[in-house]
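*Asks:* One structure follows; several queries about it will come next.
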Amino acid sequence: MDRRSLLKAAATVTLAAAAPPVRAAPSLQPAPLTRAIPSTGERIPVVGLGTWLTFDVTDPPSRQARSAILRAFFDAGGRLVDSSPMYGASEETIGDGLARIGKPASLFAATKVWTVGGPAGRRQMEKSARLWKVDRFDLLQVHNFLDWEAHLPTLKAWKAEGRVRYVGVTTSHGRRHDLGEELLRRERLDFFQVTYNLADREAEQRLLPLAAERGTAVIINRPFDGGAQFTRVNGKPLPGWAAEIGVTTWAAAFLKWVAAHPAVTVAIPATSRREHLLENMEALAGPLPDAALRRRIASDFERA
């Protein structure tokens with residue numbers, strides 16, 4: 001069963017009666033939930049857009065559909081779009097989409113370097129800028145720590161020259177958290193990207209507290225555990241606490257649980273469907289769960 005079917009099955013009359021009035025569209029919300037980037041204080045919305053797998057398309061109809069997703073994302077108050085040269089045609093798809101919709105001034109463009117060697121890394125990042133059709137990136141990250149010793153000096157030099165605004169490193173799927181901890185301690189990083197969700201909470205043991213201590217913004221990838229979380233709640237109605245945080249879908253509930261961790265800056269779910277994008281962006285409105293409610297949500301999820 002796909003995500004759309006799961007979410008439809010989860011809807012209940014009780015929740016509908018308890019939920020806040022239905023909005024005409026997420027874009028009507030004047031002030032989306034934001035978090036500050038510790039190194040500067042700049043605020044960005046807590047939900048961004050990932051592009052792994054979902055934007056790796058080349059045919060015109062699929063490109064057109066991704067343009068619609070980008071437009072809906074920005075209309076709903078989103079800013080940070082994240083990609084990588086590892087993601088096939090995703091960067092080119094983003095550039096095509098931004099050209100179609102007219103690149104918004106609010107865009108927070110984030111990509112990665114994923115190659116070996118300093119010269120190769122510089123060429124790759126310059127190519128990424130051409131694919132995105134941007135003059136500079138807001139954030140450049142070393143993808144999965146690959147040859148970080150060569151690339152971090154380049155990223156820092158580019159930041160000093162004004163060629164990028166922020167620098168960071170990434171990991172995913174729970175890989176090499178020991179190296180992530182080492183780099184957080186020894187390097188001045190603006191951003192650190194890591195996997196974190198209700199089914200994979202390893203990052204909250206050391207990495208998230210350390211990032212907060214070091215003043216490093218945190219991007220969360222795989223906030224839905226690759227979609228597995230929707231299978232786990234198949235056919236289950238949203239509990240009563242959903243009304244307390246103003247959500248009507250499991251997607252928004254999952255994202256609010258992630259975003260409510262005090263060390264988290266932004267989560268980047270990926271999608272190839274506009275209707276799913278709008279469900280994700282619902283998490284930008286209303287309150288985040290407090291610590292007690294986060295524990296309740298986690299307990300309910302474990303019993304699901």
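*Asks:* So how far, in whole Å, is the C-alpha centre of region 49-122 from the one of region 241-268?
*Replies:* 24 Å
*Asks:* What's the tally of Lys pairs in the chain whose alpha-carbon atoms lie under 23 angstrom apart, where the two lysines are 8 or more places apart or on different chains?
*Replies:* 15
*Asks:* Using the alpha-carbon atoms, what tilt in degrees (0 to 90, nearest 10) does helix 118-132 show relative to the longest principal axis of the chain?
*Replies:* 50 degrees
*Asks:* Show log10 I(q)/I(0) for region 221-273 at q = 0.13 Å⁻¹, two decimals, from a solvent-free Debye sum over equal Cα scatterers.
*Replies:* Each listed q corresponds, in turn, to -0.33.
*Asks:* Can you compute the modelled spin-label distance between residue 136 and residue 53, with each label point 7 Å from Cα toward Cβ, in nm?
*Replies:* So the two model labels end up 3.5 nm from each other.
*Asks:* With an 8 Å Cα cut-off and a minimum separation of 6 or more residues, compute the relative contact order for region 100-189 in percent.
*Replies:* Details: 103 pairs, mean separation 23.7, N = 90.
Over region 100-189, the number comes to 26 percent.
*Asks:* Hey, what number do you get for the chain at 222 nm if only DSSP H runs of n ≥ 4 count, each worth -39500 (n - 2.57), divided across all residues, to the nearest 500? Don't skip to the end; give the middle numbers.
*Replies:* Numbers: 13 runs with 128 residues, N = 304.
So the calculated ellipticity at 222 nm is -12500 deg cm²/dmol.
*Asks:* Follow-up. Applying a 10 Å radius around every beta-carbon, put 237-243, 221-227 in order of their mean neighbour count, most first. Write out the running numbers ahead of the final one.
*Replies:* Values: 237-243: 16.9, 221-227: 20.7.
In descending order of packing, they fall as 221-227, 237-243.
*Asks:* Let me ask something else about it. What is the fewest-to-most order of 40, 34 by other Cβ atoms lying within 10 Å of their Cβ?
*Replies:* 40, 34
*Asks:* What ranking do 111-122, 201-212 get when scored by the average of other Cβ atoms within 10 Å per residue, highest first?
*Replies:* 111-122, 201-212
*Asks:* First check a/c for region 127-174, with a ≥ b ≥ c the square roots of the eigenvalues of its C-alpha gyration tensor; if it is under 1.5, answer rounded, and if not, answer prolate when a/b is larger than b/c or oblate otherwise.
*Replies:* Working: a/c = 2.12, a/b = 1.38, b/c = 1.54.
Oblate, since a/c reaches 1.5 and b/c is not below a/b.
*Asks:* Cα gyration tensor of region 216-304, axes a ≥ b ≥ c as square roots of the eigenvalues: rounded (a/c below 1.5), prolate (a/b > b/c) or oblate?
*Replies:* Taking the square roots of the gyration eigenvalues as a ≥ b ≥ c, region 216-304 is rounded.
No lab work stands behind these numbers, since they all come straight from the coordinates. As the structure is a computational prediction, the values presented were derived from the model and not from experiment. Positions of Cβ are generated from backbone atoms using ideal geometry, with glycine treated the same way; all protein chains shown enter the neighbour counts.
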